[in-house]
Structures are given as C-alpha cells and as structure tokens.
Amino acid sequence: MSLAETLLPVAVLLPLGVATLLLALAHWLPPRLPKLVAILVALAVCAFCVLLARASLDGPVRHWFGGWTPDAAGRPGVVLGIGFQADPASAALAAFCGLLFAAAFVFAWGYFDTEHAHFHVLMLLFLAAMTGFCLTRDLFNLFVWFELMSVAAFALTAYPLGRSALEGAFNFTITNALASFLLLAGTGLLYARTGTFDFATMGAALARTGADPVLIAGFVLVAAALLTKAAILPFHLWLADAHAVAPSPVSVIFSGAMVSLALFGLAKLVAQVFPGNAEVMGLVHGLLHGLGLATALVAGLTAFAQRHLKRLLAFSTIAHMGIMLTALADGSGTATAGLLLYILGHGLTKGALFMAAGILLALRRSADEIVLYGRGRGLWAPALATGLGGLLLGGLPLGLMHGATGLMDLSAGVLDRVVVALASALTGAAVLRAAARIFLRASGVPGPELLAPTEREHEKPDRPLWLMALPALTLVALALVPPAAVRPFLGAAAARLRDPSLPPLALPEAGSLDLAPLLLTAVLFAFALLRRRAVRPLSRAVTRSERTGFRALQALHSGLVGDYVAWMAVGLALFALAAAVSAG
Amino acid sequence: MTPRWRLLLLALALAALLPAVLRVALAMPEFGAPTAVLGQSVNALVPELRHVANMVAAVNFDLRGFDTLGEECMLLCAVTGATVLLRGARGERGDVRAGHLPGRPVIPRADATVLVCRVAATLTLLFGISVALHGMTTPGGGFQGGVIAASGLLLLYLGEGYAGWRTLVPSPVLAAMEGSGAVLFVLCAGLPLIAGHPALTNGLPLGEWKDLYSGGLMIAVNAAVALSVTGSFGLLLVEFLEETREPADAPASNEADHEDGTMRART
Amino acid sequence: MTLLPWLVAAWLFAVGLYGLVTSRHYVHLVGCLTVCQSATYVLLLGIGYVHEAGPPVFYDHPPGTPAVDPVVQALVLTDIVVGAAVTALLLAIAIQVQRRRGTLDPQALRPLRPPPSAAE
C-alpha cells in the first residue's frame, strides 16, 4: 500500500482513537492535556487530508477495510466490504473540517475547563464522523457517520445546560433523528433493488434498471434526510434553534462545516450514484432547484428580521444553504466547482462571524444587537471580523465566496441570479446592521427585528480577547484568499467528484465584476440605518403591513417541535407530488 | 401553530404521501424472495472464508467492521453526552440522601431480596459473558452480551442499596472500561496498517468452525465491543440512577423543585 | 405477493409522526420517535426475509441451507444501537428541561422567546 492509502483510514482512526483514549483515562489526566491534544489532532487530520487531496490528483486513493476489495467475492457486482475513497474534493473538505476544528479548539481554550475532558471527547468524535462522512464510498457507512455526527452534535448543543440550549437540543435531536430514520429507510430501499451499498456499484446497477418507484423512493428518503441536516426549506426549522443556543465554538462547526457537509454528501450521491436515473435527475433539476430558491429567499428575509446575533447568523446560514442547493441542482461542472468553493468560503466566513458573536457573549454578556447597542465600542477585533464577514456575505467582490458566486452564475438563469443577489444582500445587510449598532452605536429605529425572539444567556469570559480574536481573524483572512489561488485544484476537484477518470475541468478566469449584490446590500444597510419612526399615516400603514409579514415568518419558526415534524412530513409530500408529476 | 392546524397539515401531507407509498410497495421486490445478491453471497462465501457460523457476527465484526466501530463510538458519544447533561447540573460527587416522597413509607430491604439479587446478578453477569463469548457460533455477540452484563448491575442496586452499589460500581472504572474497549477496537483496526495491510485485516489464525475460537480478529473485536458496551450501559445506569438522589446540602427552596423533577422523571 | 410488511412499515412511521405532532409530553414524544424508528426495523427485516429459510447462523444446519439476508440484520443491530443512543440523550435532556422549566409540555417549550416588549 502507498502512503496515501495507509493515511486514508488514519484520518478517521486518529481522532476516534484519541477521543476514546481521553475518555478511558479522563479521570487521571491533567486537565490541560486534552485541550492541547485536541488541537494537535485536528491539525494532524487537516495535514493528512491535505496530503490525501494532493495524492488524489493523480487518481483516486482507495482503501478497502479488512482487504475486502470488490474482487474478494469473485462475483461481479458484489462488494462484501466497506471502501473509503479520497477524491480531491472529499479530501479537501475533510482537511477544511480539521482546520475549522483546530480554530474552534483554540477559540474554546479555557471555555470548557470541566473535569474529564468530555467536551474534547465529543468534539473529536464529531471531527472523526465528519472526516468519515467525506471519505466513505459506502451508503450505510455514510449513515453511520451521519448518525455519529448527529449524536455528537445533539450532546454538544445541550452542553451549556441553559433552558434554551436544552430545548433547542431537544428539537434538534427529534428532527435529525427522524432524518436519520429516513436515511436508513432510503438506504434499505436502494439495497433492496441494487443489492449493494457501494456508491460506484450502486450507480452501475441503477443505470441498468431504468424507471423504478423503489429507486425514486430511495433517493427521496436519502435526499430528505440530507436536506434536513442541510437545513433546506421546509426541513430547516431546527437549525435556527440549535445554532442560536449551542456554545459558540460548537456553532462555528455547525454553521461552518456540518450543514454544508450534508449538502456535499448529497452532491456526491447525485454525481456518483444517480446520474443514470432520469427521474431522479428530474427531481434534482426541478424540485431541489425550487426548494433552494425558496430557502434562500425565506431565510434571507427572516435573517433580516432578527435581533439575536447568533439566530441572525443561523438564518443567514440557511439562506446560503439555499444558494448552494441551486448550484447543486444545476449540476454542471462549473456550478459544482462553485458549490465546492462556496462551501469553503461560506464556512470560513460564518465560522469567524460565530466567533465574533461568541466574543460578545463572553465579554459583553449578550448577543442581542439591541441590548448591546453601542456596547461593543473598543472591541476592534470582533468589529473587524463582523464587518468583513458581513461584507463578504453581502457580495464583496473579493475572496472565495465571490469567486464561487462567479462560477455559479455562469450557468444560472436570471431568476437564480436575482434570488441569490437578494438573499446575499439581505443576510449581509443584516450582519452589517448588527455590527453598526453594536460596534459603532449607529442605527435607525429598529424595524421588525424588535419583535424577534431573543435570549439572555451568556458565556464564560475566562480567556483573553486576543485568544478568541486570533482564530476569528485568521478565518476571515483565509476567506479573503483570491480564488485564482485554488482554481487549478478546483477544476480537478469538480470534475473528479463525478468520475475519477475525468480530466480536470478548465475553469474560466474571473468573470465580470458583479457589483449588484454589494449595491443591494448597501441599499438595505442604508435603509436599516436611516429608518425613522413612522409618524405619517402612510408610513405607519407600511410599517404595520411589514410587521404582519414578518410576524408570519416568525410564526413559521415557532420553536415547537410538533410544528417542525409536521413541516418535515409536508416536505416529504412535496417530493412525492413532484415525483408523481414527473412520472406523468 | 395550534395543535389542530398542525394535525390538519400532517393529515394533508400523509394523504399526499399515500399514493406514493402504495406505488412503492407494489414495486418492491417480492416479499420473501429478495433480489439483493449481497446477503446470499455472504451466506454462501463467508463460512468458508472466515470459519464462523454466525453470519450476522461476521458482517458486524469483519466484513462491515468499520460500521461497527462507528456505531460503538456513537454509543460512547451518547453516553458521554448523557453524562455531561446529567452530571453537569449536579457536579461530580455521589449524593448520599435518597430522593424521598413525603408520605411514602421507607420499607427496609428483606434478606430474601438481597439473596435473590446476589444470585440473579451473578447469573446475569455469567449469562452476559456467555452470550458475548458465543458470538461467533450462535446468535449473540458483544453488543447483546454487554447489555445483559450491564443490566445485571441494576440487580446489585436493588440488592445492595445505593451506597453499596456505588462502592461496587465506581463510575471512573466504567468510563475506563467503555473507553478502553473502544481503544482496543481502534487498535484492531489500526495495527494492521503498521504491517502494511488494510485496516481491520483479519490476520489472526481463523480457528475451527463451530468452535469457541473461530473468526480470528473478530474475537478481539467482539471482546472490545463487549467491554465497551458493558461500560457504556453501566455508566448510563449510574448517571440516571444518580438522578434519584438528593443533594445532602440542598437549599430548602430548591428542594421542592428538585423533588418534583425526580418524581416525574421516575414515573 | 404480499404488501403487508411495507404497509406495516409505512403505517408505523405515520402513526409515529401523528404521535410526535400531537404529543403533550416530552417522554411520550421520545416514545413516538421510537415508534417511527421501529418502522425502519420492519422495513429492513422485510427486505431481507426469505420464504422458508432459517436464520443466518450455520450451527445446527450446515452452510448452504437457505438462510435470510444477514446484512440487513446487521444493519438492524446498528439501528437498535442508534435508537438506544438517541433515546438516552433525549431522556437526559428531558430531565434537565423538567428541572429548569418545571414542565415537559412541548407546546409550552420553545428555545428562544420574543422579548417582553413585543408582547403588545
């Protein structure tokens, strides 16, 4: 075996082994050691995956556990074991997860000074699950990592033991556990028809089968599960609760990597397993596209009407997931490249923003932009991170996210571009408005955000500002890397996500400078800053109707777990109806 | 949404799903005559390849052993999470006073209860170990055996009372069992890599079919799982039963609230 | 040809959803989640069932005798562990919620609340 083939399982085994070892010895270890070890492990995972990404440029790196290669059975189409496969995109995303975890561990230094290193055990298991999710080529193995990821995330959300944290974690657990049942049922249906779990073998079997309700149902269930994790309308309701109440270092991982990883998983399945099935691809190009647009718009508007910074960022994450889903549904090579780049850019930006919110929660004991009015003055580092983050979300023509939007626009229609610009502008302007209020004491009268839910919980201020600001600023700086630096790698990654034997895609140079989203952001931002009390009858009527509209949006995100489950059923019904329509 | 509207929404969604479910059910492979080739290939090939009688164990511990590692870690993760959630609020020390409902008499434990519990606990433990040991030959294995062994711990609680139970079952030891079982599993997966083989390669002698020693590395993996599951479930029992305790120095104002919580949690 | 196993699985899932949506107690809700999960057990075991075949344990009967699909049984074992893990976590959360809020009625519990000023 080559070095890369040996390293492939190590990327998962290392964090698993260290986490379990920490747990076994927790009672006897000095308290500082787990923190240091966790950072080192995250960096090591990142380094291994970078090596894997480089090695996989020469062809996919594969590892068959227990030596059960597809030939081991001696029967065509029978894969007895589980395989891992590193293509450039998967390995790069796993490396990104390692990097984000290292940053979150530095950010959390001192925050989780409890006995027994439980936080670090949970986080390392979380990291292992994410790397496994990226690297596996087996559908049931994907389910296992999906579920390990979920269980670690449930526990981490409830970790602060505040009221909101507990209830948010409960909603999160119920909805995502349901999602995992859907994933398992879908896996079962696909197995019943194809007799395998291996992506490539399943793809070959699917291409032979043609139209078949069982396969479509399998896809729908798997997609619904991954869309729940990726927070796509109408499966998205849990996210705002969970991300708003989880400890800030955990929210960094949730928004930065976990949700977009689910979308990456779906993109991988669509590219590797289902391309041979016309009905499924019809659903992808039709329904998923529409859901992406609806998600971007609804969540963008809701984000604009939030006052709790972490909840605002959570809705912004949902909106950006919607944007990514439109790229996934498009499915062309450039759109896939755009999707991959967008995951990185968005993850870095959102990670930095959640860290800035965490700094406010620790040092100013709130994340409510109205409560914090003017109280952030003097905190230049989080101000810089929030300001830059808001601009990047809003379409600043620099950095990875802008490069990604440029790639996605190449094959997008007019409607897509309008919705994407609007959603970006809404989220960017919302972040900038909060930043202006908190750090600059500049604001107009609060609009609909005054009515949004909020929370008084805060985090422990037990570490110096620079230690929290350093990872935040590093992430923002990385998000500002010019996209040209990664273009050749991105071309190979986008092409080989579909088929390992394809030559690298030649991506076009940066297209025209698209300033429309940034201008729209500026307009919305100015609108929020210049807003005055409505005194004249006409403006009062406008304000009233605006409030009614936003109140409906807030009512949709009610926080009641029963509502969330009902909407998930509606989402499944949408898939069923779309499949019935496309089947004629 | 009010519950009524929510129910209406669900009813509409389910009504829309019904035709789809029927179509899928009609298109499913014939019940009792599955077309998936993998399962029958395992039945046909693996007894020869791995010398074990229990195909489910072969799938769990060898063919798809890596799934089982993830699953094992999932259990460990959930138990760690539950420990954090339950222990976070009350701290590390075990509390001395039992939660007590006003008005309910406290009846001392009968000698017969103690005796029966001691006998039954021993038998349960032995049964658990036996189920785990025979994982390769008959239905059973590390998961099932571990759960049975851990549930024997409950009988100790019943027979010995809380204080005796806590002395017999220290939670750091359970955590160490849980963790070291999983570490052993990771080592089983990782050590073959050092020798240049794929992870989880079954390099041990395979043993005899229907023998207690059959399946090679699967035995080590099975033992790791049994150890870890016993620790996990034991820890879970300790943490949940700890909830029935009263903090010895609980302030009076908190007590009513706490009492209520314990009562509802138990009923 | 029988549709029964698939319809039972769908029915269990639907009933579980009904319970989740109408539940008025967290612990009951956790029970309903388990009902939903049992739908996946039925589905998976149904997929692997073979008429007139034995268990995939070749102790009393030699290899080669018809046996049901062992792979889905292994998957169900994993599924059961998943269920145990999630249930343990949910019940731990429920205990803490009861402590802090004094109620377990899902209709009364929501993570973030509108600010007091908005209650006009």
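At-a-glance table
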| read-out | value |
| --- | --- |
| Tail weight of P(r) past 20 Å, computed on alpha-carbon pairs of the range C:4-111, percent | 54 percent |
| Cα-based equivalent ellipsoid, the range A:1-137: semi-axes from gyration tensor eigenvalues, Å | 31, 17, 10 |
| Assigned charges on the beta-carbon of Lys, Arg, Asp, Glu; chain B dipole about Cα centre (debye) | 480 debye |
| Estimated [θ] at 222 nm from DSSP helical runs (n ≥ 4, -39500 (n - 2.57)) normalised by residues in chain A, nearest 500 | -23000 deg cm²/dmol |
| Degrees between helix A:561-582 axis and first principal axis of chain A (Cα, 0 to 90, nearest 10) | 50 degrees |
| Relative pair counts by distance (%), Cα atoms of the range A:496-584, 5 Å bins | 3, 9, 7, 9, 10, 10, 12, 17, 12, 7, 3, 2, 1, 0 |
| Contact order normalised by residue count of chain B, Cα under 8 Å, 6+ apart, percent | 26 percent |
| Options A:THR295, A:ASN141, A:THR386, ranked by Cα towards positive dipole end of the protein assembly as shown, top entry (Cβ charges) | A:THR386 |
| For the range B:23-168, convex hull of alpha carbons as volume per residue, Å³ | 229 Å³ |
| Simple Cβ-charge dipole of chain A, Lys/Arg +1 and Asp/Glu -1, about Cα centre, in debye nearest 20 | 1820 debye |
| Residue among C:VAL57, C:VAL35, C:VAL27 with the largest mean-square fluctuation in a Gaussian network model of chain C, springs linking Cα atoms under 10 Å | C:VAL57 |
| Overall form of the range A:406-483 per C-alpha gyration tensor (a/c, 1.5; a/b vs b/c) | oblate |
| Estimated inter-spin distance, A:VAL481 and B:THR167, nm [label 7 Å along Cα→Cβ] | 6.0 nm |
| Mean separation of Cα contacts under 8 Å (6+ apart) over length of the range A:31-162, as relative contact order % | 28 percent |
| Farthest toward positive dipole pole in the protein assembly as shown [+1 Lys/Arg, -1 Asp/Glu at C-beta], among A:PRO461, A:GLY81, B:LEU193 | A:PRO461 |
| log10 of Debye I(q)/I(0), alpha-carbon scatterers only, for the protein assembly as shown at 0.05 Å⁻¹ | -0.27 |
| Nearest-ten-degree value, helix A:399-409 long axis tilted from longest Cα axis of chain A | 70 degrees |
| Within the protein assembly as shown, percent of DSSP bridges classed antiparallel, to nearest 5 | 80 percent |
| Chain B: angle of helix B:252-266 to the longest principal axis, Cα-based, in degrees nearest 10 | 40 degrees |
| For chain C: relative contact order, % (alpha-carbon pairs under 8 angstrom, 6 or more apart) | 26 percent |
| Overall dimensions of the range A:167-210 by Cα: Rg and Dmax, Å | 14.7, 47 |
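Each value in this text was obtained by applying a stated rule to the coordinates, not by laboratory testing. What you see is a predicted model, and the numbers here were worked out from it, not measured in a lab. For neighbour counting, all protein chains shown are included, and Cβ atoms are generated from backbone atoms with ideal geometry for every residue, glycine included.
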